[in-house]
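K.L.:
Got a structure here, written out as structure tokens. Questions coming.
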Amino acid sequence: MADIKEAARERVEQARDELVALSRRIHANPELGFEEEQACAWLCELLDGAGLEVERGVGDLPTAFAARAGSGPLHVVVCAEYDALPAVGHACGHNVIAAMAAGAGLALARVADDAGLRVTVLGTPAEEGGGGKILLLERGAFEGAHAAMMVHPSPYEHPEMPIIAVNHLQVAYTGKEAHASAYPFLGINAADALVVAQTAIGLLRQHLRPGDRVHGIVTKGGDAANIIPAHTTANWMVRAETLEQLEDVQAKVTRCFEAGALATGATLELGQDHAPYSEMRHDHELSALYQRNAEALGRSFADRTERGAGSTDMGNVSLALPSIHPTIGIDALPAVNHQPEFTAKCATPAADRAVVDGAVAMAWTAIDAATDQTVRERLLAGPGRPA
């Protein structure tokens, strides 16, 4: 096994310049979810050039792809994300995620048959609010896989990133226009409806569990100061530790939005454009393998009491098959994810090192899973046998 792992590492080292250049190029050209045409093309070009069998448009998603290699019995999926955030670009480091996934794919393609592996690098668009992985799950892109993995940049190393459930809500109120000075009594103020709802949510926070989160933005507040607003819209997110708890929190938040309509006489439309993101059920055995491999590369995992958590559609994958979602440090502090300062940190020598280390650590973890009899047999038996 040592020879196989060294060969995987050598392959990543050979591609170091190419992988770093890919990360930097994606970083310099941020694209929003389902619009990642350049990033998808660049990833496919690199993987195809390395001899993987590339399928574009997987799951009828134009910016999704699958790059496959190997014929072994254990099938591991390495997920690549490459969408950016509005206004702040790659403030979550998906450029690093994409390059790491590609590097792991190159490494595993080199050794897959010797290790008893099949590897798929799966390009998963629109993690930042589009639920690309959920669509790919529903459309069979993970079918036949025994494990899935990805690594996320962060200010620090964590073998099991805290991930909670979330639902994305689209809120719209419709009222009636009127002259705001001469005839305000003839109007129905949709902006007031939103204010009432936000006030109710603020009061609701006293009764939420410590892990619950409710937050949002107004996307339309009216058209002119002298017109009673007839149309307002907002995007809100509701989070809880599990999907079951999320249902309870969302019911309370929904009543807050209904209160805005009731108080003003506006009508409410409440919708969502994709299924909720679930909590992450980390495969602890695979997480431990990843941590051991990352530590062998010089990475340090300090004990952390911090309970801050995010959400991702990788959680939905983890409910379907054994999965891991560790974080890898890029020396970002005091900057943290989703800040403009973190965007800058995702194109630095520390982020470049993370591309290489993350690729090798994932490749080594997949090799360990395929060559350790106990782990391999558990994964081959299917997700019904927990770690």
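K.L.:
Tell me which DSSP H helices of the chain clear both cut-offs, 24 Å or more of axial length from alpha-carbon atoms and a mean Kyte-Doolittle hydropathy of at least 1.6.
P.N.:
Length and hydropathy pass: none found.
K.L.:
With a ≥ b ≥ c the root eigenvalues of the C-alpha gyration tensor of segment 165-271, is it rounded (a/c under 1.5), prolate (a/b larger than b/c) or oblate?
P.N.:
Because a/c hits 1.5 or more and a/b exceeds b/c, segment 165-271 counts as prolate.
K.L.:
Take the alpha-carbon positions of segment 15-145, form their convex hull, and give its projected area averaged over all directions (one quarter of the hull surface) in nm².
P.N.:
Convex hull of Cα atoms, orientation-averaged projection: 7.0 nm².
K.L.:
Further, regarding this structure: How big is the gap, in Å, between the Cα center of segment 60-134 and the Cα center of segment 328-352?
P.N.:
So the two Cα centres are separated by 21 Å.
K.L.:
On to the next question. So which residue, out of Met362, Met100, Met237, gets the largest mean-square fluctuation from a GNM of the chain using Cα contacts under 10 Å as springs?
P.N.:
Among Met362, Met100, Met237, the largest GNM mean-square fluctuation belongs to Met237.
K.L.:
Let me ask something else. Would you list His94, His215, His75, His274 from fewest to most Cβ contacts within 10 Å?
P.N.:
Taking fewest neighbouring Cβ atoms as first place, the list is His215, His274, His75, His94.
K.L.:
Still on this structure: Need the full-extension length gain, Arg25 to Phe301, defined as separation in residues times 0.36 nm minus the C-alpha distance. One decimal, nm.
P.N.:
That works out to 96.4 nm of additional length.
K.L.:
A further question on this structure: Let me have the 222 nm mean residue ellipticity of the chain computed from DSSP H runs of 4+ only, each contributing -39500 (n - 2.57), with the sum over all residues rounded to the nearest 500.
P.N.:
Mean residue ellipticity, 222 nm, calculated: -13500 deg cm²/dmol.
K.L.:
Moving on. For the chain, what does the relative contact order come out to in percent, with C-alpha contacts under 8 Å and a separation of six or more?
P.N.:
23 percent
K.L.:
Among rounded, prolate and oblate, which fits segment 250-387 when a ≥ b ≥ c are the square roots of the eigenvalues of its C-alpha gyration tensor, a/c under 1.5 means rounded, and a/b larger than b/c means prolate?
P.N.:
It comes out oblate by the Cα gyration axes.
K.L.:
Arrange Phe34, Phe257 by Cβ neighbour counts within 10 Å, fewest through most, would you?
P.N.:
Least crowded to most crowded, the residues run Phe34, Phe257.
K.L.:
What percent do you get for the relative contact order of segment 165-271 when only Cα pairs under 8 Å and 6+ apart count?
P.N.:
That works out to 43 percent.
K.L.:
Would you mind checking which residues have amide H under 5 Å from Arg118's amide H? H placed 1.01 Å from N; only 5 or more apart, or other chain.
P.N.:
Gly72, Leu74, His75, Val76
K.L.:
Follow-up question, since we're still on this one. Based on other C-beta atoms within 10 Å, arrange Cys79, Cys40 from fewest to most.
P.N.:
Cys40, Cys79
K.L.:
Then there's this: Can you say what percent of the DSSP beta bridges in the chain, counting only those with both residues inside, are antiparallel? Round to 5.
P.N.:
Roughly 70 percent of the DSSP beta bridges within the chain come out antiparallel.
K.L.:
Something else now. Between segment 228-272 and segment 167-216, how far is it from one alpha carbon centroid to the other, in angstrom?
P.N.:
The two parts, judged by their Cα centres, are 8 Å apart.
Computed from the coordinates by the stated procedures, all read-outs in this text should not be read as laboratory data. Please read all numbers here as calculations on a predicted model, not as lab measurements. Cβ atoms come from the backbone with ideal geometry, glycine included; neighbour counts cover every protein chain shown.
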